[in-house]
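Reading through the structure tokens given below for one structure.
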Amino acid sequence: MEKNQQLSKNKKSPLILGFLFGIIFGFLLQKGGVTKYDVIVGQLLLTDFTVLKIMLSAVMVGMPGVYLMEHLGWVQLYPKSGSIGMNVIGGLIFGVGFALLGYCPGTIAGAIGNGYLDATVGGLIGIWIGAGVFAALYPKLNKGILKVGDFGKITIPELVKVNKWIVIIFVEGLILALLLWLESLGL
Amino acid sequence: MRFLSEIQWSPYIVGIGIGVLSWLSFLILKNPLSCSTSFASTSGMIERLFRGKKVEEKPYYQKVKLSINWQWMLVLGIVFGSFLSAALSGDFMWKWVPPLWEAEIGKSPLIRLIGAAIGGIFLGFGARWADGCTSGHGISGTMQLTLSSWISAIFFFVGGILTAFFLFRFIV
């Protein structure tokens, strides 16, 4: 009995933790303005750079922390495997949807919480249909296009064969330069 | 605590917050922040309601399990977190048509719903094809310096920018 309770507790805690992380994530997304169609499409029309500023500053802060914790043995990394067929073509298809819908999978949840009914009624149903169609086509796609140009779970330091800390410093510098440039243009 | 009731924060403050949340996510959730897979499992669970257990036999649902996991709860949490933020600042409102869409295309909710649904189909299909979205690839993957995530993130924006310009600068 006690053991069972322990077991169900362990099963439930990731759900509760996931929910708490989601609340904070959603709070930040809404405060950032990216639960709004106008802000996201403004980014894609290159008139409003809020989306890019949020993403790049999150990466600037996240990257050194995550790599440091990995170095200390506190966490492991979870690089996703990929291929040219997957990431280039999938990325482009996603982009078409990104512009038409004006939300992405995370921000559409935020848009729903914000009261935006085009997200709740139209967008959500569309995403479910799109994901379901992919699941139906997956066996076929997985034998063909998804395997084209396969490169596996490689990271950029592994690809260029440079020490990861040097790559991190380089990417940090590149992001900082891009953000400073955007600010200098008044964007 | 006045900052909690502000309508919008600096994007850099929000970005730093998401960056710190990512550290905690690796440390506590033992997973990077990501969203889109739970839309696939939900889609499968809805299909299972109508077509029964055989849906679980599809190869894709062997890979993506049809159950409610931490990520599904994270996405649900986003809805509540966003509502909380919007309610605190008075920014919550029921709305069918976003202002930019209304100015460029029109105020018909039906047209907007059709546009959003078509966009959603591409988005949901593309997220599965690329195996990630703006959070899983765009933020969590790029910070791990994963090649697949950098390529995906770049092409999310290439596809998005081309489509947005085509739609709003050529068609309407």
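Each reported figure results from applying straightforward, stated rules to the coordinates on display, with no laboratory input. Computed from a predicted structure; not experimentally measured. As a convention, Cβ positions derive from the backbone with ideal geometry for all residues, glycine included, and neighbour counts pool all protein chains shown.
Here are the numbers for the structure shown:
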read-out	value
Reach of residue B:107 by Cα under 27 Å, taken over lysines that are not fewer than 8 positions away in the same chain	A:31, A:36, B:95
Highest-MSF residue in chain B out of B:66, B:162, B:76 [GNM, Cα springs under 10 Å]	B:162
16 Å Cα-Cα reach of residue B:30 towards lysines, excluding residues that sit fewer than 8 places from it in its own chain	A:11, A:12, A:80
Dipole magnitude of chain A about its Cα centre (Cβ charges: Lys, Arg +1; Asp, Glu -1), debye to nearest 20	680
For A:71, B:137, order by how many other beta-carbon atoms lie within 10 Å, fewest first	A:71, B:137
At least 27 Å along the helix axis (C-alpha) and Kyte average at least 0.5, DSSP helices within chain A	A:50-71, A:124-143, A:164-184
Extension gain from residue A:158 to residue A:68, taking 0.36 nm per residue of separation minus the Cα-Cα distance	30.7 nm
Cα-centred dipole magnitude for the protein assembly as shown, charges only on beta-carbon of K, R (+1) and D, E (-1), debye, nearest 20	1140
Among A:92, A:79, A:152 the positive-end extreme of the charge dipole of region A:59-187 (Cβ point charges)	A:152
Candidates A:87, A:114, A:163: whichever shows maximal mean-square fluctuation once chain A is modelled as a Gaussian network with Cα springs under 10 Å	A:163
Label point distance in nm, residue A:148-residue B:10, each placed 7 Å from Cα along Cα→Cβ	4.5
